[in-house]
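The values are calculated or read from the model by the stated rules, or taken from the named source; none is laboratory data. Being a predicted model, the structure only gives us computed values, none of them experimental. Glycine also receives a Cβ, built like all others from the backbone with ideal geometry; neighbour counts cover every protein chain displayed. To get the accessible areas, we keep the full protein, side chains included, count just its heavy atoms, and leave off ligands, DNA and RNA. Shrake-Rupley method; radii C 1.70, N 1.55, O 1.52, S 1.80 Å.
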Amino acid sequence: AQSVTQLDSQVPVFEEAPVELRCNYSSSVSVYLFWYVQYPNQGLQLLLKYLSGSTLVKGINGFEAEFNKSQTSFHLRKPSVHISDTAEYFCAVSPGFSGGYNKLIFGAGTRLAVHP
Amino acid sequence: EPEVTQTPSHQVTQMGQEVILRCVPISNHLYFYWYRQILGQKVEFLVSFYNNEISEKSEIFDDQFSVERPDGSNFTLKIRSTKLEDSAMYFCASSPNPYEAGDYEQYFGPGTRLTVT
């Protein structure tokens, strides 16, 4: 079975500082990896995904993540955050598309709070 | 840009009552999902649906829950007899055929907040 651990429940950071949100997963099979963002009172929006190929993936809003198979990690980074990045960030894994479904398994989320 | 819509945005119901949460997935998508998020907790998979049948369901999705695609556009989640612990945000999601679209993304709706009193 797959599981996802987001190591930080909250990350406070000052505007224009870099940030890293950590995500580790466990799986006995190859997985697809995702980061979703949830702004207050809104649904989940995909930031980026890793399916295969280059281990460094770039997403929307200047975010990027690096897939590290040996460390089973998929940490999310941004070199300079804005106030508008304040949101909840969820790491998720999928065991892949098999049999007509593709469920996502989410981590507990990391609340990023950007301060002026 | 096409999006997944959900109605209502907020539903309040009394314990023991039936509720139906509605979703309109993106029109050319073939795979449909329900997830829930209890306040302060992680998003949890409930059920996936393809070709008019359930593909997979979680332990949470017991006999009190059912899903239906009644008319080719709506996708509904019914809770037959609600309990206090069913209070949560319920998200609908849809995805295209990855073998055609090369896209594994699930597109989420804004959610329905269900409050059981």
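Hey, got the dipole for chain A? About the Cα centre, +1 on K and R Cβ, -1 on D and E Cβ, debye to the nearest 20? Display every interim value, and only then the final one.
Numbers: 8 positive and 8 negative charges, 77 e Å.
Charge dipole, chain A, about its Cα centre: 360 debye, nearest 20.
Over all alpha-carbon pairs in chain A, figure out the percentage whose distance exceeds 20 Å.
Details: 2462 of 6670 pairs.
For chain A, the fraction of Cα-Cα distances above 20 Å is 37 percent.
How shielded is B:47-56 by partner chains, expressed as the average number of their Cβ atoms within 10 Å of its Cβ atoms? Before the final figure, lay out the partial values.
Details: counts 2, 6, 2, 4, 1, 0, 1, 1, 6, 6.
The per-residue average across the peptide is 3.
With only Lys, Arg, Asp and Glu charged, each at its Cβ (+1 for the first two, -1 for the last two), find how big the charge dipole of the protein assembly as shown is about the Cα centre; round to the nearest 20 debye.
Numbers: 17 positive and 24 negative charges, 44 e Å.
Taking the Cα centre of the protein assembly as shown as origin, the dipole is about 220 debye.
Under the combined filter of DSSP loop state and at most 11 neighbouring Cβ atoms within 10 Å, region B:1-100 retains these trypsin sites (Lys or Arg not before Pro): B:83. For chain A, the residue among A:38, A:48, A:104 whose Cα projects farthest onto the positive side of the dipole built from Cβ charges is A:104. Among B:99, B:50, B:90, the largest mean-square fluctuation in a Gaussian network model of chain B (Cα springs under 10 Å) belongs to B:99.
Across 10 Å bins from the origin, how do the percents of Cα pairs in region B:4-117 run, short distances first? Calculated over all Cα pairs of region B:4-117, the distribution is 15, 49, 30, 6, 1 percent. Between B and A, buried accessible area from a 1.4 angstrom probe totals roughly 1900 Å², ignoring ligands, DNA and RNA.
Explain nothing, just the number: dipole magnitude of region B:1-58 about its Cα centre with +1 on each Lys and Arg Cβ and -1 on each Asp and Glu Cβ, in debye rounded to the nearest 20. If you can, show how the numbers build up before the last one.
On the way: 4 positive and 6 negative charges, 33 e Å.
Dipole magnitude for region B:1-58 comes out near 160 debye.
Taking 7 Å steps out from each Cα toward its Cβ at residue B:41 and residue A:26 produces label points 2.0 nm apart.
Surface analysis of chain A yields an accessible area of 47 Å² per residue, using protein heavy atoms and a 1.4 Å probe.
Using the Kirkwood radius over Cα pairs, work out the Stokes-Einstein diffusion coefficient for the protein assembly as shown at 25 °C and 0.890 mPa s, in µm²/s as a whole number. Write down the numbers at each step before the final one.
On the way: Rh = 18.3 Å.
This corresponds to a translational diffusion coefficient of 134 µm²/s.
For the Cα trace of region B:18-60, dividing Rg by the Kirkwood Rh returns an Rg/Rh value of 1.00. Taken along the Cα-to-beta-carbon direction at a fixed 7 Å, the label points for residue B:64 and residue A:69 span 4.3 nm.
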